[in-house]
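Novice: The structure that follows is given in the form of structure tokens.
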Amino acid sequence: MLFLCMGNVARSILGEAIPNRIGAGRFVAYSAGSRPKGEVNPYALTLLQRLGFATEGLRSKSWNEFAQPGAPALDFVFTVCDNAANEICPVWPGQPITARWGVPDPTAVEGSHAKIMRAFRDAHETLKRRIELFINLPVRTLERISLQNRLREIGISAGEKSQA
């Protein structure tokens, strides 16, 4: 699975880390950006390390890496850009099942260290909830259109719950 956003510095990085840990080897996740900034946001790394995630190998990279010959085959692509911020999410060509799981951008939050860390924790919790719902789906037995609809529903329902 691939998690995409523009800069590949925070939300998509969190999206990459979570299923690689909680997916119990059932999934391999990657992240990328349409306009990668070249380095992972230090708040994202700090949060992941505090939560016990391995952060080695996490890096900001272009989604073009996944369109090259020899790139990993992708079954799922999730865009995590936030519609509310008027971000333009990349559209992934090809046949993977896609879903938009918009998450507010924690890198846009200004203020104290505590306020910024809270925004990163909120983004992590939103993504974790969605990924947990996803990994508990009977992926191998659902028809493609049914799976596509379930993934879209996860992005909507989990997003509404996180903003309540």
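Novice: Applying the selection to the range 12-36, what residues are of a type outside the set (A, V, I, L, M, F, W, C), open to solvent by 10 Å² or more (accessible area, probe 1.4 Å) and out of contact with any Pro (no Cβ under 6 Å at 6 or more places or on another chain)?
Specialist: Answer for the range 12-36, where residues must be of a type outside the set (A, V, I, L, M, F, W, C), open to solvent by 10 Å² or more (accessible area, probe 1.4 Å) and out of contact with any Pro (no Cβ under 6 Å at 6 or more places or on another chain): Glu16, Asn20, Arg21, Gly25, Arg26, Tyr30, Arg35, Pro36.
Novice: When the residues of the range 1-26 are narrowed to those that are outside any helix (DSSP H, G or I) and not hydrophobic (A, V, I, L, M, F, W, C), which ends up farthest from Leu51 (Cα to Cα)?
Specialist: The initial filter retains those residues of the range 1-26 that are outside any helix (DSSP H, G or I), namely 1-10, 23-26.
When the remaining residues are screened for being not hydrophobic (A, V, I, L, M, F, W, C), the result is 7-8, 23, 25-26.
Numbers: Gly7: 23, Asn8: 20, Gly23: 16, Gly25: 19, Arg26: 21 Å.
Here the residue is Gly7.
Novice: Which pairs turn up if I take residues in the range 43-66 that are closer than 21 Å to Val109 by Cβ and at pLDDT 95 or above and look for partners that are among the polar types (S, T, N, Q) and open to solvent by less than 30 Å² (accessible area, probe 1.4 Å) with beta carbon separation below 6 Å, at least 6 apart in sequence or on another chain?
Specialist: Leu45/Thr55; Leu48/Thr55; Gln49/Thr55; Ser60/Asn8
Novice: Residue by residue through the range 37-84, note down the ones that are of a type in the set (A, V, I, L, M), open to solvent by less than 80 Å² (accessible area, probe 1.4 Å) and within 25 Å of Arg144 (Cβ to Cβ).
Specialist: Ala67, Ala71, Leu74, Val77, Val80
Novice: Tell me, yes or no, whether the range 119-131 has at least one residue that is open to solvent by less than 30 Å² (accessible area, probe 1.4 Å), over 15 Å from Gly33 (Cα atoms), basic (Lys, Arg) and at pLDDT 90 or above.
Specialist: Yes.
Novice: Quick one: which of Gly33, Gly23, Gly7 is in contact with a helix residue (DSSP H, G or I) (Cβ under 7 Å, 6 or more places away or on another chain) and within 24 Å of Ile116 (Cβ to Cβ)?
Specialist: After ruling out the rest, the residue left standing is Gly33.
The values are calculated or read from the model by the stated rules, or taken from the named source; none is laboratory data. Computed from a predicted structure; not experimentally measured. Using ideal geometry, Cβ is built from the backbone for each residue, glycine included, and neighbour counts are taken over all protein chains shown. We work out accessible area using only protein heavy atoms, side chains counted, and drop any ligands, DNA or RNA first. Shrake-Rupley method; radii C 1.70, N 1.55, O 1.52, S 1.80 Å.
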